Structures are given as C-alpha cells and as structure tokens.
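What follows is a single structure, written as structure tokens, with notes after it.
The values are calculated or read from the model by the stated rules, or taken from the named source; none is laboratory data. Values in this document were obtained by computation on a predicted structure and should not be read as measured data. Neighbour counts are summed over all protein chains in view; Cβ atoms, including those assigned to glycine, are modelled from backbone coordinates with ideal geometry. Calculation scope for accessible area: heavy atoms of the full protein, side chains included, ligands and nucleic acids excluded. Shrake-Rupley method; radii C 1.70, N 1.55, O 1.52, S 1.80 Å.
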Amino acid sequence: MDGEMISKILSIILLDIVLSGDNAVVIALACRKLAPEQRKKAILFGTMGAVVLRIVLTVVAVWILGIPFVKFIGGLLLLYIAWDLLKSGDEDPDIKGNTGLMPAIRTIIVADFVMSLDNVLAIAGVANGHVGLAALGLVISIPIIIFGSQIIMKLMEKLPILVWIGALLIAYTAGEMMVSDKYGHKYLVDALFPQMDWIIPILMMVILIALGLWAKARQTRRMTSNS
C-alpha cells in the first residue's frame, strides 16, 4: 500500500469522524431511554445499518442530490426527528414513550441517512471515485462513532439540559440543509435576502423550542388533571 493510498484512508477516516458529530448526538438521544441491555444492541445495529446505507448513498449521492427539493424535504424530516427525540425525552415516566429497541434503531438509521447526504459527497471526493476506500473509511470509523455516542449518553444522564442542546443542534442542521438545497436557496435566500442563510437554521431552533415548551405545558396540564 503506497503513501498516497494511506493518506487517502486517513483523510477519509478523519473526515468521517468530524462530519459524524451530529450523528453521534442522534444515536445518544435515540438510545438514552432504553434499558442498559438494549442500548448496546440499538447502537450496534443502528450504526451498522446506517453505515450500510452510507455506502449505498456514496454510490448514488450525486443522483439523489439532483432531485429537486430533496435536501429541503430532508431538513423538514430532520426537524421532525429532533422534535420526536425531544418529546420522548420530556415524557412522564408513567406515559408510554418511544423507548423500544426497533424504534430507536429506525430513528438512528433514518436520521443518519438524511444527515449524510452532504457528508458522503465530501468522502467520495477524497476517495476520488474509489468506493472501496470510502467504505473502508466508514467501517474503520464505526467504533469511534459508537464510543462517542456512549460518552454523550452518559453526559446526558448527568446533565439533562444536553438533551435540549442536542435536539437544537439537530434542528440547526435541519435548517442548514434546507437553505443549502438548490431550490431552497433559490426561493429562501436569493429571492429574499442573503441573511436567510443563517436566519432559517436559527428559526428551526426557535420552532423546536416553541414546540418543546408547548409539549411541556401540555404534559403539566395532563398530570395536574390526573392528580
């Protein structure tokens, strides 16, 4: 293996780790309410499924990103995922929440797929069209992503405010996806004003905060009426 090949592999691993910070947050949010014995399964199967989808996505990313509004719709889906994760975190223990193994795995895979649209293009660019290199980088980065998500989960247990911060990070990423979409940028930024590039991501965070506070107030009223 020559020096150039090693350099490419290391670059891909480093890039994938840097770009996977949001994904580790999603994994931590999705698994934090599971029983300890289910967490490892959810993280392992969810991450494995997500990586397989990333490999497939690397091959077809250019075609997928050419579909009109695909990133805009992906941003809306990501905002819903952030809301769903935040909502499940604020539920009363006596109210049945989204705590099952399969829902957690599904959330990890879907969120990773949506958030990886741009990531895979960057990785494919470093791999210079070599799918095997891109796949190798993703596989090697798996244990690092898993380890990172477990650290974040432990921190969330000690500092519940990190659940909100994580969900807001996902909402901000959703806004960035929406304005980076070719047509989203055309109708939101070019047609209005350049500042929409950062206003939309912040707006997504504000919307999530409003939804979270509304859900919290609704939960409080429900608990009061049942007591």
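Has segment 136-158 got any residue that is modelled with pLDDT under 80 and not in a helix (DSSP H, G or I)?
no
Checking Leu188 against (1) open to solvent by less than 50 Å² (accessible area, probe 1.4 Å); (2) in contact (Cβ under 8 Å) with a residue 24 or more places away in the chain, which test does it fail?
(2)
In segment 59-98, which residues are buried (at least 16 other Cβ atoms within 10 Å of the Cβ), at pLDDT below 70 and closer than 15 Å to Cys31 by Cβ?
Result: Ser88, Gly89, Asn98.
Filtering segment 191-227 down to residues that are open to solvent by 50 Å² or more (accessible area, probe 1.4 Å), among the aliphatic types (A, V, I, L, M) and touching a residue at least 12 places away in the same chain (Cβ under 8 Å), which residue is farthest from Asp84 (Cα to Cα)?
Here the residue is Met223.
Being in a loop (DSSP other than H, G, I, E, B) and more than 24 Å from Met115 (Cα to Cα) is the filter; apply it to segment 175-227 and report the residue that is farthest from the chain's Cα centre (by Cα).
Ranking the qualifying residues of segment 175-227, first place goes to Ser227.
Out of the residues in segment 1-23 meeting the condition of being of a type outside the set (S, T, N, Q) and surrounded by 24 or more Cβ atoms within 10 Å (Cβ to Cβ), tell me which one is modelled with the lowest pLDDT.
My answer is Asp16.
So which residues in segment 162-178 are in contact (Cβ under 8 Å) with a residue 24 or more places away in the chain and either over 20 Å from Phe69 (Cβ atoms) or not small (Gly, Ala, Ser) (or both)?
Residues satisfying the conditions are Val163, Trp164, Gly166, Ala167, Leu168, Leu169, Ile170, Tyr172, Thr173, Glu176, Met177, Met178.
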